[in-house]
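These notes concern the structure reproduced below.
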Amino acid sequence: MSGSESSAQLDELATGCRILGATGMGDMVWGHLSARDSEDATSFWMKSAGYGMEEMTPDLLVKVGPEGTKTAGAGRLHLEHFIHGGVYAARSDVGAVVHSHAESAVAFAATGMALRPIGHEGTLFSPPDIARFTSTGDLIRTRELGEQLAASLGDRNAILLHRHGLVTVGKDIRTAVLTAVFLDKACRLQLQAAAAGTPLSWSDEDEALAKRGRCYSDKQLDDAWGYLLRGLDPVRT
Ligand SMILES: [Zn+2]
């Protein structure tokens, strides 16, 4: 891995944070995106504390080592870095992790409803129903809580943290970020439909699984990512 490739990863990570900010995934200075280090699989880079998603630049990123401590970067480490460390330790297939306090995800989790594939987005998460972490709504502030969250995630692409937010994962930054955006929309759609007070309809298992592959192929995700990149505002400095 050359230095330029490593630098490109940090550029993409900062860009991913800005896309999360542009798509409503931010919560003032809270929530974060990380990527497994391209040169050292036991470490990862993530957004620093004290800044919004939309403010992130490569020089503000911080590196976290296998001991769960900051090993590089000038910024402050988010308290909830244990979310990321827990997932990377448990899932060798995961290259990037999003944690967001996305409003629709928090509201939807509070209803206790099963997530249904009532539009395209829901097919990424159901069937079966999305994974849940319910043992605490408090911050994931210890290694043990990070491990418990990763165990609840299992081999899934996303999990709702009841009374808190969401976590999504992907093989790369693009996939993890887009999965978060799609999950929040899936939650929002169902909240809107349920608010009408009439029985809901949704894709059966065959249709949902077919749509999962067709609507969210690598090519489709490439196109969606390109669209979001073109819409990014310049970083305010
Ligand atoms: Zn949080």
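Considering each residue of the stretch 183-216, count those that are under 30 Å from residue 56 (Cα atoms) and open to solvent by less than 40 Å² (accessible area, probe 1.4 Å), and give that number. Before you say what the answer is, go through the steps one by one.
Applying the first criterion (under 30 Å from residue 56 (Cα atoms)) to the stretch 183-216 yields 183-189, 215-216.
Applying the additional criterion that residues be open to solvent by less than 40 Å² (accessible area, probe 1.4 Å) yields 183-184, 186-187, 215-216.
Residues that pass the stated criteria total 6.
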Worksheet, complete the sentence: Conditions (1) open to solvent by 20 Å² or more (accessible area, probe 1.4 Å); (2) touching a helix residue (DSSP H, G or I) at 6+ places or on another chain (Cβ under 9 Å); (3) among the β-branched types (Val, Ile, Thr); (4) closer than 20 Å to residue 142 by Cα -> residue 87 fails only (1)
Practice prompt. Using the structure shown, decide if residue 186 is more than 21 Å from residue 89 (Cα to Cα) and without any contact (Cβ under 8 Å) to a residue 24 or more places away in the chain.
Written response: no
Response to the item:
Log entry, pairs with first residue in the stretch 92-108 being closer than 18 Å to residue 52 by Cβ, second being assigned to a helix (DSSP H, G or I) and within 11 Å of the ligand (Cβ to nearest atom), beta carbons closer than 6 Å, six or more apart or on different chains, reads 99/83
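Scanning the stretch 124-133 for residues that are in contact (Cβ under 8 Å) with a residue 40 or more places away in the chain and in a loop (DSSP other than H, G, I, E, B), which turns out most open to solvent (accessible area, probe 1.4 Å)? Can you show your working first?
Taking the stretch 124-133 first, the residues in contact (Cβ under 8 Å) with a residue 40 or more places away in the chain are 124-127, 130.
Okay, now just the ones that are also in a loop (DSSP other than H, G, I, E, B), so 125-127, 130.
Numbers: 125: 1, 126: 8, 127: 35, 130: 7 Å².
This residue is 127.
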Practice prompt. Mind listing whichever residues of the stretch 42-97 are in a loop (DSSP other than H, G, I, E, B), more than 17 Å from residue 169 (Cβ to Cβ), away from the ligand (no atom under 16 Å from the Cβ) and aliphatic (A, V, I, L, M)?
Written response: 56, 61, 74
Response to the item:
All conditions in (1) over 22 Å from residue 45 (Cα atoms); (2) of a type outside the set (A, V, I, L, M); (3) crowded, with 24+ Cβ neighbours inside 10 Å are true of residue 165 except (1)
Worksheet entry | Residue that is farthest from the ligand (Cβ to nearest atom) [pool: residues in the stretch 98-123 that are open to solvent by 30 Å² or more (accessible area, probe 1.4 Å) and in a helix (DSSP H, G or I)] | 111
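The values are calculated or read from the model by the stated rules, or taken from the named source; none is laboratory data. What you see is a predicted model; the values in this text were computed from it and never measured. In this analysis, Cβ positions are derived from the backbone assuming ideal geometry, glycine residues included, and neighbour counts consider all displayed protein chains. Heavy atoms of the whole protein, side chains included, go into the accessibility calculation; ligands, DNA and RNA do not. Shrake-Rupley method; radii C 1.70, N 1.55, O 1.52, S 1.80 Å.
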